[in-house]
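The values are calculated or read from the model by the stated rules, or taken from the named source; none is laboratory data. Being a predicted model, the structure only gives us computed values, none of them experimental. Cβ atoms come from the backbone with ideal geometry, glycine included; neighbour counts cover every protein chain shown. Calculation scope for accessible area: heavy atoms of the full protein, side chains included, ligands and nucleic acids excluded. Shrake-Rupley method; radii C 1.70, N 1.55, O 1.52, S 1.80 Å.
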Amino acid sequence: RIELRALSKISPGDELTVSYVDFLSLSEERRKQLKKQYYFDCTCEHCKKQLKDDLMLAVKAGESKPSADTVKEVIQLSKDTLEKINKARMEGHYHEVVKLCRDCLKKQEPVLGDTNIYLLRILSIASEVLSYLQMFEEAADYAKRMVDGYLKIYHPNNAQLGMAVMRAGVTHWHAGLIEAGHGLICKAYAILLITHGPSHPITKDLEVMRVQTEMELRMFQQNEFMYYKMREAALKNQKIQVMPEPSNENAPSLFHKKE
């Protein structure tokens, strides 16, 4: 049995659609993947009109706008780096992945816009791997930039967006940035209530985190010094939760069997 959840209000006569692949790809890439994997030519509005492709290929605006050749060079560098990152991740060389991400970001940042998919892909990998290595402060910065870009591209109730915001919230929480962490976790919870429903295991786990961070936030607001002292003491007695090992595998299905 498959459970489908509406992301917005449905009016009589509205066409109902479901996304087979992650939206965070260019129209041409999505159509190629759909043809190869599901054997059909997509005719949805997003693919036909190439909606948001301009955002996903955005470059830095302003007087010092980069040349077309510079943009082409940086995008090719990004593609080459992503291939090197995949190889390093497969071999478990996570510190090498971090170095590749940092070097690539230095080249991307003066050229690519904050919604460019090649920049967002590197930010996503960097935040994930740095979290696994427990370098949470740097991971939180990349995660925040990633989420800021996603918010301009994804539908507000997109499941992938909700999962990314949740990951960013947990990263900020681990970094001791309780205000930002709690805010992101609450935002993720609101999205996943719609996309996954209140009975989904992920939503239930997120509700526990929301309650915990709310309690910590109140403590922080009452006495910031004591909050950090108590947090420091807690971390000395108990290892901080290790983030899941980075994986190249596709994200699990957004649908789940109803027991």
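Ser199 contributes an accessible area of around 80 Å² to the protein surface, as traced by a 1.4 Å probe with all chains present. Think of each Lys and Arg Cβ as +1 and each Asp and Glu Cβ as -1; about the Cα centre, that makes the dipole of the stretch 22-173 roughly 360 debye. Sorting His95, His200 on solvent-accessible area from highest to lowest, probe radius 1.4 Å, gives His95, His200. Taken along its three principal axes, the alpha carbon spread of the stretch 115-193 comes to 30, 28, 16 Å, from the longest extent down to the shortest. Note on Thr81: accessible area approximately 10 square angstrom, rounded to 10, probe 1.4 Å, nucleic acids and ligands left out.
In summary, the lysines within cross-link reach of Lys65, defined as a Cα separation below 30 angstrom excluding same-chain residues under 8 places away, comprise Lys48, Lys49, Lys52, Lys79, Lys84, Lys99, Lys106, Lys107, Lys144, Lys152.
Between the exposed loop cleavage positions of the chain, defined as trypsin sites (Lys or Arg not before Pro) in a non-H, G, I, E, B DSSP state with at most 12 neighbouring beta-carbon atoms within 10 angstrom, the longest gap is 50-238.
Averaged per residue, the chain has 62 square angstrom of accessible surface, using a 1.4 angstrom probe with ligands and nucleic acids left out.
Summing Lys and Arg as +1 and Asp and Glu as -1 over all other residues whose Cβ lies under 12 Å from the Cβ of Lys84 gives a net charge of -1. Here the accessible area of the stretch 58-153 is 50 percent carbon and sulfur, with a 1.4 angstrom probe and all protein chains present. Per residue, the convex hull around the alpha carbon atoms of the chain comes to 179 Å³. In plain terms, the chain from Glu29 to Gln76 could stretch by 15.3 nm, reckoned as 0.36 nm per residue minus the Cα-Cα distance.
Using a Förster radius of 22 Å, what is the FRET efficiency between Asp114 and Glu207 based on their Cβ-Cβ separation? Nearest 0.05, please. It comes out at approximately 0.10. Projected over all directions and averaged, the alpha-carbon convex hull of the stretch 58-153 occupies 6.0 nm².
What separates the Cα centres of the stretch 39-89 and the stretch 101-142 is a distance of 15 Å. Applying a length cut-off of 27 Å (Cα extent along the axis) and a mean Kyte-Doolittle floor of -1.0 to the DSSP H helices of the chain leaves 68-90, 201-222. Nonpolar atom fraction for the stretch 156-237, defined as the carbon and sulfur part of the 1.4 Å probe accessible area, stands at 60 percent. Counting charges near Met230 (Lys, Arg +1; Asp, Glu -1) among other residues having Cβ under 14 Å from its Cβ returns a value of +1.
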